[in-house]
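Here's the structure, in structure tokens; my notes come after.
The values are calculated or read from the model by the stated rules, or taken from the named source; none is laboratory data. None of the values given here were measured: they were computed from a predicted structure. Reconstructed Cβ throughout: ideal geometry from the backbone, glycine too, with neighbour counts over all protein chains shown.
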């Protein structure tokens with residue numbers, strides 16, 4: 001699996017994709033750092049990560065995931081992927097962890113906002129860390145959705161559109177009916193910015209991720225059996 005992680009992670013930064021994703025997330029972070037901290041003179045950085053999760057991931061995740069399996073199929077390298085000695089499960093998790101690596105780089109860089117706040121005021125690191133933990137979990141769920149979408153088609157644009165559509169639906173469906181509240185990713189992120197780690201929210205985000213990881217593995221296993 002490490003070989004897959006290494007290959008995929010390098011591919012993100014040998015192409016513009018990794019830099020674009022990091023740039024988008026930091027750009028959105030800078031906007032909300034100004035709106036939630038600088039403009040209001042607040043030391044609360046939890047809301048910063050909440051808004052980046054709400055608005056930034058919708059843009060960044062489709063860019064990060066749309067090529068995962070779609071590009072392999074379109075370029076013809078999927079045959080090599082399906083016949084490799086590495087199991088499909090390890091391939092899927094390898095691609096997932098590589099994408100998460102890009103997110104982790106962004107989170108490490110985002111600590112500069114905490115440093116800036118600490119220069120002018122005393123700020124607690126706990127909400128920052130819990131927000132980061134929640135951000136990693138919600139990113140994992142969002143990436144797994146994008147990964148599943150990429151496994152369904154060889155067209156990267158269609159894969160990206162499916163991912164965006166699902167992420168947008170997860171935001172707006174609860175406003176239509178409370179019945180859909182369990183389908184909203186951002187609803188599982190509400191307590192992290194306040195410095196609390198809720199087992200319900202952790203379980204919800206991990207469940208989302210495991211469902212779509214499992215679906216991706218099933219799709220790829222079926223393609224392997226057909227090959």
Answer yes or no as to whether residue 78 is within 23 Å of the chain's Cα centre (by Cα), buried (at least 17 other Cβ atoms within 10 Å of the Cβ), modelled with pLDDT under 90 and farther than 23 Å from residue 25 by Cβ.
no
Quick check on this structure: which one of 115, 119, 126 is within 12 Å of residue 195 (Cα to Cα) and either free of Cβ contacts under 8 Å to residues at least 24 places away in the same chain or over 12 Å from the mean Cα position of the chain (by Cα) (or both)?
126
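The rows are residues; the columns are (1) closer than 15 Å to residue 121 by Cβ; (2) modelled with pLDDT of 90 or more.
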position	(1), (2)
12	no, yes
22	no, yes
32	no, yes
36	yes, no
41	yes, no
44	yes, no
47	no, no
52	no, yes
Scan 29, 47 and give me the residue that is in contact with a helix residue (DSSP H, G or I) (Cβ under 6 Å, 6 or more places away or on another chain), touching a residue at least 40 places away in the same chain (Cβ under 8 Å), under 30 Å from residue 93 (Cβ atoms) and part of a helix (DSSP H, G or I).
29
Being surrounded by fewer than 17 Cβ atoms within 10 Å (Cβ to Cβ) and touching a residue at least 40 places away in the same chain (Cβ under 8 Å), is that true of even one residue in region 52-63?
no
Check 195, 134 and return the single one that is touching a helix residue (DSSP H, G or I) at 6+ places or on another chain (Cβ under 7 Å), at pLDDT below 90, surrounded by 14 or more Cβ atoms within 10 Å (Cβ to Cβ) and closer than 28 Å to residue 42 by Cα.
195
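Of all the helices (runs of 4 or more DSSP H) wholly in region 111-227, which have at least 3 residues that are within 27 Å of residue 35 (Cβ to Cβ)?
Numbers: elements: 126-152, 156-176, 199-226.
Answer list for region 111-227: 126-152, 156-176.
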